[in-house]
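Nothing in this text is a laboratory measurement; each read-out follows from the coordinates by a stated rule. This one's a predicted model, so the numbers in the text were calculated from it and none came from an experiment. With ideal geometry, Cβ positions are generated from the backbone for all residues, glycine too; neighbour counts draw on all protein chains shown.
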Amino acid sequence: GNLLREVADGSRDQGIYYTNMVKCLPLKGEKIRYPTANEMSACFSNFQLEIQTINPNKLVLFGKQVSEFVTGKLPIEPRSKCIEGGFSLSVSENYQILSAPHPSYMLVYRRKFLDGYIETIRRFISGADNEL
């Protein structure tokens, strides 16, 4: 959560809203785990309602599982652009979509690349994504 807040704090004037794909914390024992495809499917209508209500023009999807799940459900144009650092850009009929590595992955395995990670997301949010 802290890394997401850091990204959002640097983009306050952009009207940031963030949510979880699965509303209840998925646990294995006492440890947080990735949500299953069934859990994401069960919660997808909630996600769609939030998106419909907020009506954003950009989505940032965190983590491979969520990115693949959501982009698989939305009508995505066939073109997609891979960006250094594990990011990719896609376009649906309503949204520009940035698929980003999960913040926990960055904190554990790619910590030395955090500044670039944060900057890439902020540039996308602010509209400086033409440079991406």
### Query
Among 80-87, 23-30, what's the highest-first ranking by average C-beta atoms within 10 angstrom per residue?
80-87, 23-30
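Once every DSSP H run of n ≥ 4 in the chain is given -39500 (n - 2.57) and the sum is divided by its residues, what mean residue ellipticity at 222 nm do you get, rounded to the nearest 500 deg cm²/dmol?
On the way: 5 runs with 56 residues, N = 132.
Per the formula, -13000 deg cm²/dmol.
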#### Entry: With eigenvalues of the C-alpha gyration tensor scaled by 5 and rooted, segment 43-89, Å
20, 12, 11
### Query
Restricting the count to DSSP beta bridges whose residues both fall in the chain, what percent are antiparallel, rounded to a multiple of 5?
70
## Note on the structure
Across the alpha-carbon set of the chain, Rg over Rh with Rh taken as the Kirkwood radius works out to 0.94
### Query
About its Cα centre, what dipole magnitude does the chain give when the only charges are +1 on Lys and Arg Cβ and -1 on Asp and Glu Cβ, stated in debye to the nearest 20?
400
### Query
Is the shape of segment 88-128 best called rounded, prolate or oblate, per the rule: a/c under 1.5 gives rounded, else a/b larger than b/c gives prolate, else oblate, with a ≥ b ≥ c the square roots of the Cα gyration tensor eigenvalues?
oblate
### Query
Cα-Cα over 26 Å: which of Lys23/Lys73; Lys64/Lys112; Lys28/Lys112; Lys81/Lys112; Lys28/Lys64; Lys31/Lys81?
Lys28/Lys112; Lys31/Lys81
### Message
In the chain, if the dipole is taken from +1 on Lys/Arg beta carbons and -1 on Asp/Glu beta carbons about the Cα centre, which of Thr19, Ala42, Asn55 is farthest to the positive end?
### Response
Ala42
### Query
For segment 5-75, what does the alpha-carbon gyration tensor say about shape, rounded, prolate or oblate, given a ≥ b ≥ c as the root eigenvalues, a/c under 1.5 as rounded, and a/b over b/c as prolate?
oblate
### Query
How far is it, in nm, from the label point at Asn20 to the one at Arg123 when both lie 7 Å from their Cα along the line to the Cβ?
3.1
